[in-house]
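**Q** The structure's right below; bear with me while I get my questions together.
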Amino acid sequence: QIHFVLLISRQGKVRLTKWYSPYTQKERTKVIRELSGMILTRGPKLCNFVEWRGYKVVYKRYASLYFCMCIDQEDNELEVLEIIHHFVEILDRYFGSVCELDLIFNFHKAYYILDELVIAGELQESSKKTVARLIAAQDSLVEAAKEEASSLSNIIAQATK
Amino acid sequence: MGSQGGFGQSKEFLDLIKSIGEARSKAEEDRIVINEIEILKKRIIEPDIPKRKMKEYIMRLVYVEMLGHDASFGYIHAVKMTHDDNLHSKRTGYLAVTLFLNEDHDLIILIVNTIQKDLKSDNYLVVCAALNAVCKLINEETIPAVLPQVVDLLGHSKEAVRKKAVMALHRFHQKSPSSVNHLVTNFRKRLCDNDPGVMGSTLCPLYDLISEDVNSYKDLVVSFVSILKQVAERRLPKSYDYHQMPAPFIQIKLLKILALLGSGDKKASEQMYTIVGDIMRKSDSSSNIGNAILYECICCVSSIHPNPKLLESAAEAVAKFLKNDSHNLKYLGIDALGRLIKISAEIAEQHQLAVIDCLEDPDDTLKRKTFELLYKMTKPSNVEVIVDRMIDYMMSINDNHYKTEIASRCVELAEQFAPSNQWFIQTMNKVFEHAGDLVNLKVAHNLMRLIAEGFGEEDETADSQLRSSAVESYLRIMGEPKLPSAFLQVICWVLGEYGTADGKYSASYITGKISDIAEAHSTDDMVKGYAVSALMKVYSFEIAAGRKVDMLPECQSFIEELLASNSTDLQQRAYELQSVVGLDARAVESIIPMDASCEDIEVDRELSFLNGYVQESLNKGAQPYIPENERSGASSISNFRIEHHVPSGHSLRFEAYELPKASVPSRPPVPPVSATELVPVPEPTYHTEFHEAVAPKLSVSGTGSSEIKLRLDGVQKKWGKQTYSSSSPSTSDSDIHKTQNGATKRDVPSSLSSKARDVSYDSRKQQEDVDPEKQKLAASLFGGASKPEKRPPASHKASRPNSHAADKSNAEKSGPSDGGAVKASPQPPPDLLDLGEPTSISNATSVDPFKQLEGLLDSNEGTTAPGSSSSTKAPDLMSLYGDTSLSGQNIGTANLLSTSSSDANLISDVSHAPDRNGHGTGSAVTLSTPLSKGPNTKDALEKDALVRQMGVNPTSQNPNLFKDLLG
């Protein structure tokens, strides 16, 4: 089971956090500080796993961005590494060669995608196509709703003038 | 698509994100965020905020919270937003609340209603959003509110909804298993869902259910096997393939379930052998995901009823992992080896050199995993080597969590396999010295017990040697600064008990040392308590031996200080010491006999020795004793008795419990700590028929707090007067201290000796030295493994006759250079060629397609670069980013080198760089990247345009932000 997902830049800046197990804001800050201290300093050829407080954190670096997932002791690390990669591939497909900047300015989209991929700490969908389809459905509906809303609010605005 | 902000971020928000990006320090970032919080606090309560604006505020709250600040003032607005009818707002609201709230938050009650409504929505996207929130927010109390609806959704026409409903039920099961117990059949039904996604998600709850109760699901073995078979035969839609593997995530989950079902069940396991074997054969060991499956197969094989053929292929797979250059695979190899040796221990032997390599690897993760393996394969023959290694490592790390773990493992192994007591004590000393505050206090007591009991039945001289050496080692160690409290307690106890036993050290020397400890740790009451008791013992032994006691001035002042201590326990100990010192030799000897810590204390519960006295009193007209259960306030007393089972027997020292009256002026109330030690004291009184009623005494003597204490006082007063009318102060004092002595004895040894010690005391000592050389280390670690099977246990050092692997004995005997050669030659070269390290190979291939595409890239670059450079604007995020990374101020920027190298690639980075750091990316990515090249040019242009809009210049310094993550 995944306890949390962190995206941290090489400079230690937080790009995305998702907590599947309860952590207080204080604990979150501490976790991030501790883990970025551990992970960002690790050399390139070492394991993509670190043991941490009885859990394991699987991380992978993409360009200057570190994707980290915290899992239980008995989980399959290599599988989680591939879940990360799966996530990145989906992001890549969605944004079209995703880069860190995409995630900085569209963190909410990254959240929506993550919500379609991992739910309650478990991988819910392993088909890229299905995830993409769902996200697209939501986006188009949102677009439609947006137009509708803006036209509605225009009407109201004009009516109340 | 994508890049233009989905909720139309305002300039203000973009500026916020930018300024956070520009922040050069955490402090600056915090300042910006705090400022933002102030702005939001004001804005968000303004009336009539347009929805669009509100959504943005909520996202800004999310952003603030993501950066680690508290945005709780806005939670309620996010909750309100979930009530909105507009899907977009609703979705934003749900996203925000799932990020903000934990399941125990008070606001959740306000969302439940909305969730209920949304679960009924016609729009499946609304239902999906609500289900996402259900998974995160619904807690044990609110489960019943949504459960029926979620169950209904299991039959929804959209697979996405069914899938999320299954996951929601899974979450419910985790939170409150009883709430969904009756729904198990639904999971079974969903296992046959037409949609592989739903089927896959059903495996999560089933896994949990099966791990709780295997037997109820044995009938599903057939289904799981057949699903796994279909998956492996690529019967699922192509879209579930991942890097050319058919639905690997589902395969892994299924293998996990099979491992549970087959564990210890021969019949079930037999059904699995074929399919697991097939998968192992098919799995592609050149990709990460292939190895993930392979690893899961090994786990499965080692869990189910053993099958020689499968074990063999598992062992082969482990060998491949261990020989691989990738640390990840080595790590998995070590882990898998740890699983396999449970079934057949000899597998480890072929890999000893690989294991040693991992142990000495600079990668901490790998090292720890290897220690875990060593821990699993420890036995009497290799315990010394392994524990020494562990302790060395323990000393070298700062991570307290792991330190505690490895320290308790050392203790566990040492207790279980210690070849000699001497070694055990030394090992314990080391563990205590470096991690004493982290290990369980019981360990300290075990150590004291071992020193006191010695070899048990074996000869006395060895025991006293052991004690002398313990005393000596402690005298040596105690000078060290910052010793943990638990260790100091052991030291004090041992010095008190055995410091002067062999006559090597004088009492004044030992007492001086003890008071040094007390002085150096004047804030630690536990240590001081142990110290003063130790002093008392040393003095008592002196008196008993007929020597005169000259108390050192420092001891004197130490005791005086304790006489006035705030801690009543310390006070009492000090008073007791004072009184004991004033007694004659005979009395002292019976109070504190030499080396009696291991002797059981027998308690005469009936106090039969008092019968005569009682009878006499009754004859004189005293009130008979009223049994406690017939008195008021009896309940507390009977509770009290239950706690203390004192073996009944004959009475030796039990006149000791008669306490004197006021020979000690003001007896302090006894605190709970000492009360537990002293409990046996008052207890017997209630069994004797006594002339005074006890109940009134109890209430009178109230110093206030605990009942134990109260009774104690009452007893003291009562018994003091009447027991020995003729008692001189000195004898009654001795009585007190006998009590104390009895108590101390009970304190340590009786509780300890009650547990059977299972250390194997075989003094078989392993002869082999721990040589820095790997080969020897290997021999000492693994040598034991072959011992039972391959050579007589005694001939240890003797060259091993013919044994298993030729290269092993070779390695052991040959010198360093030979050994190295032996080890090196079989490994690296062939591996590189045939065992495909995924990384190196994929690196090689990953370069090529890019190179081939360079033409395309160039044109792309031609279009981007000029455009962007023409639009350079003044305050730009990117250059600042670049600055920071160049000047190296940031947190965790370790290597300037890589920064500058990527700077050098600046242009190619913006478009798709050939040498994007490709570590670890699977080969399929490289395949997919060229395919997506087409739209990429367009994407890059779009992004560039967007970025320019935002005042960001991509040609400036931080190329990393633009770097494709999948490079």
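The values are calculated or read from the model by the stated rules, or taken from the named source; none is laboratory data. Bear in mind the structure is a predicted one, so any value in this text is a computation, not a measurement. Please note: Cβ atoms are built from the backbone with ideal geometry, for glycine as well, and neighbour counts cover all protein chains shown. Note: areas computed on protein heavy atoms with side chains; ligands, DNA, RNA excluded. Shrake-Rupley method; radii C 1.70, N 1.55, O 1.52, S 1.80 Å.
**Q** Out of all the residues in segment B:455-506, which are part of a loop (DSSP other than H, G, I, E, B) and of a type in the set (A, V, I, L, M, F, W, C)?
**A** To start, the set of residues in segment B:455-506 that are part of a loop (DSSP other than H, G, I, E, B) comprises B:455-459, B:478-484, B:499-506.
B:F455, B:M478, B:L483, B:A501 - these are the residues of segment B:455-506 that are part of a loop (DSSP other than H, G, I, E, B) and of a type in the set (A, V, I, L, M, F, W, C).
**Q** Continuing with the same structure: Give the residues of segment B:85-105 that are within 20 Å of A:K109 (Cα to Cα), more than 9 Å from every other protein chain (Cβ to nearest Cβ) and over 39 Å from the mean Cα position of the chain (by Cα), sorted by residue number.
**A** Within segment B:85-105, B:K90 is the sole residue that qualifies.
Per-residue answers, yes or no, for (1) aliphatic (A, V, I, L, M); (2) away from chain A (no Cβ under 11 Å); (3) surrounded by 13 or more Cβ atoms within 10 Å (Cβ to Cβ):
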residue: B:F224; (1), (2), (3): no, yes, yes
residue: B:R234; (1), (2), (3): no, yes, yes
residue: B:H243; (1), (2), (3): no, no, yes
residue: B:A247; (1), (2), (3): yes, no, yes
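**Q** Next question, about the same structure. Can you tell me how many residues within segment A:4-37 are surrounded by 14 or more Cβ atoms within 10 Å (Cβ to Cβ), closer than 19 Å to A:R61 by Cα and either more than 9 Å from chain B (Cβ to nearest Cβ) or not aliphatic (A, V, I, L, M) (or both)?
**A** The qualifying residues number 17.
**Q** Now for a different question. List the helices (runs of 4 or more DSSP H) that sit entirely inside segment A:18-107 and contain at least 3 residues that are polar (S, T, N, Q).
**A** Numbers: elements: A:25-39, A:77-95, A:100-105.
Where helices (runs of 4 or more DSSP H) fall fully within segment A:18-107 and carry at least 3 residues being polar (S, T, N, Q), they are A:25-39.
**Q** Of the conditions (1) under 20 Å from B:L261 (Cβ atoms); (2) under 27 Å from the mean Cα position of the chain (by Cα); (3) more than 12 Å from chain A (Cβ to nearest Cβ), B:K189 clears all except one; give me its number.
**A** Unmet for B:K189, out of (1) under 20 Å from B:L261 (Cβ atoms); (2) under 27 Å from the mean Cα position of the chain (by Cα); (3) more than 12 Å from chain A (Cβ to nearest Cβ): (2).
**Q** Taking only segment A:108-135 into account, find how many residues are more than 7 Å from every other protein chain (Cβ to nearest Cβ) and not in a helix (DSSP H, G or I).
**A** 2
**Q** Scan segment B:468-487 for residues that are more than 29 Å from B:K548 (Cβ to Cβ) and either surrounded by 23 or more Cβ atoms within 10 Å (Cβ to Cβ) or hydrophobic (A, V, I, L, M, F, W, C) (or both) and jot them down.
**A** Answer for segment B:468-487, where residues must be more than 29 Å from B:K548 (Cβ to Cβ) and either surrounded by 23 or more Cβ atoms within 10 Å (Cβ to Cβ) or hydrophobic (A, V, I, L, M, F, W, C) (or both): B:I477, B:L483, B:A486, B:F487.
**Q** Still on this structure, please answer the following. Tell me the residue from B:F424, B:F371, B:F432 that is touching a residue at least 24 places away in the same chain (Cβ under 8 Å) and farther than 21 Å from B:S469 by Cα, please.
**A** Values: B:F424 fails: farther than 21 Å from B:S469 by Cα; B:F432 fails: farther than 21 Å from B:S469 by Cα.
Residue meeting the stated conditions: B:F371.
**Q** Tell me which residues, restricted to segment B:170-190, are open to solvent by less than 10 Å² (accessible area, probe 1.4 Å) and within 20 Å of A:T130 (Cβ to Cβ).
**A** Result: B:H170, single match.
Per-residue answers, yes or no, for (1) within 19 Å of A:D115 (Cα to Cα); (2) touching a His at 6+ places or on another chain (Cβ under 7 Å):
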| position | (1), (2) |
| --- | --- |
| A:V5 | yes, no |
| A:R10 | no, no |
| A:L16 | yes, no |
| A:W19 | yes, no |
| A:K26 | no, no |
| A:K30 | no, no |
| A:M38 | no, no |
| A:T41 | no, no |
| A:C47 | no, yes |
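**Q** Further question: Would you please name the residue that is farthest from B:S25 (Cα to Cα), looking only at residues in segment A:10-32 that are of a type in the set (K, R) and at pLDDT 90 or above?
**A** Within segment A:10-32, the subset of a type in the set (K, R) is A:10, A:13, A:15, A:18, A:26, A:28, A:30.
Restricting the remaining residues to those that are at pLDDT 90 or above gives A:15, A:18, A:28, A:30.
Details: A:R15: 16, A:K18: 23, A:R28: 19, A:K30: 17 Å.
Checking each candidate, the answer is A:K18.
**Q** Still on this structure, I have one more. Can you work out which of the residues in segment B:339-356 that are in a helix (DSSP H, G or I) and out of contact with any Ser or Thr (no Cβ under 9 Å at 6 or more places or on another chain) is surrounded by the fewest Cβ atoms within 10 Å (Cβ to Cβ)?
**A** B:Q350
**Q** Within the bounds of segment B:92-99, is there any residue that is more than 21 Å from A:L114 (Cα to Cα), assigned to a helix (DSSP H, G or I) and free of Cβ contacts under 8 Å to residues at least 60 places away in the same chain?
**A** No: zero hits.
**Q** How many of the residues making up segment B:199-222 are in contact with a Leu (Cβ under 9 Å, 6 or more places away or on another chain) and either within 24 Å of A:A120 (Cα to Cα) or surrounded by 14 or more Cβ atoms within 10 Å (Cβ to Cβ) (or both)?
**A** Result for segment B:199-222: 16.
**Q** Could you run through segment A:42-74 and say how many residues are closer than 21 Å to B:K367 by Cα, open to solvent by 10 Å² or more (accessible area, probe 1.4 Å) and at pLDDT 90 or above?
**A** Number of matching residues: 4.
**Q** Right, something else. Select, from B:H83, B:H105, B:H88, the only residue that is at negative phi, in contact (Cβ under 8 Å) with a residue 24 or more places away in the chain and surrounded by fewer than 17 Cβ atoms within 10 Å (Cβ to Cβ).
**A** Sole residue among the options that is at negative phi, in contact (Cβ under 8 Å) with a residue 24 or more places away in the chain and surrounded by fewer than 17 Cβ atoms within 10 Å (Cβ to Cβ): B:H83.
**Q** Restricting to segment B:491-518, name every residue that is in contact (Cβ under 8 Å) with a residue 60 or more places away in the chain and buried (at least 21 other Cβ atoms within 10 Å of the Cβ).
**A** If the condition is that a residue be in contact (Cβ under 8 Å) with a residue 60 or more places away in the chain and buried (at least 21 other Cβ atoms within 10 Å of the Cβ), then B:W493, B:E497, B:Y498 are the ones that fit.
**Q** Within the group B:E12, B:E65, which residue is open to solvent by less than 70 Å² (accessible area, probe 1.4 Å) and within 40 Å of the chain's Cα centre (by Cα)?
**A** On inspection, the qualifying residue turns out to be B:E65.
**Q** Six or more apart or on different chains, Cβ under 6 Å: which pairs go from a residue in segment B:117-140 that's closer than 16 Å to B:S179 by Cβ to one that's buried (at least 19 other Cβ atoms within 10 Å of the Cβ) and small (G, A, S)? Could you list them?
**A** What qualifies is B:V134/B:A168; B:C135/A:A120; B:C135/B:A168.
**Q** Has segment B:455-466 got any residue that is out of contact with any helix residue (DSSP H, G or I) (no Cβ under 9 Å at 6 or more places or on another chain), assigned by TED's automatic domain parsing to the domain that holds B:S557 and open to solvent by 50 Å² or more (accessible area, probe 1.4 Å)?
**A** Scanning segment B:455-466, I find no residue that is out of contact with any helix residue (DSSP H, G or I) (no Cβ under 9 Å at 6 or more places or on another chain), assigned by TED's automatic domain parsing to the domain that holds B:S557 and open to solvent by 50 Å² or more (accessible area, probe 1.4 Å), so the answer is no.
**Q** Now for a separate question. Going residue by residue through segment A:76-92, is there one that turns out to be under 30 Å from B:P246 (Cβ atoms), more than 7 Å from every other protein chain (Cβ to nearest Cβ), in contact with a strand residue (DSSP E or B) (Cβ under 9 Å, 6 or more places away or on another chain) and without any contact (Cβ under 8 Å) to a residue 24 or more places away in the chain?
**A** Within segment A:76-92, not a single residue is under 30 Å from B:P246 (Cβ atoms), more than 7 Å from every other protein chain (Cβ to nearest Cβ), in contact with a strand residue (DSSP E or B) (Cβ under 9 Å, 6 or more places away or on another chain) and without any contact (Cβ under 8 Å) to a residue 24 or more places away in the chain.
**Q** Further question: Just name the residue that is farthest from the other protein chains (Cβ to nearest Cβ) out of those in segment B:148-185 that are within 17 Å of B:C135 (Cβ to Cβ) and among the polar types (S, T, N, Q).
**A** Only one residue tops the list, namely B:Q149.
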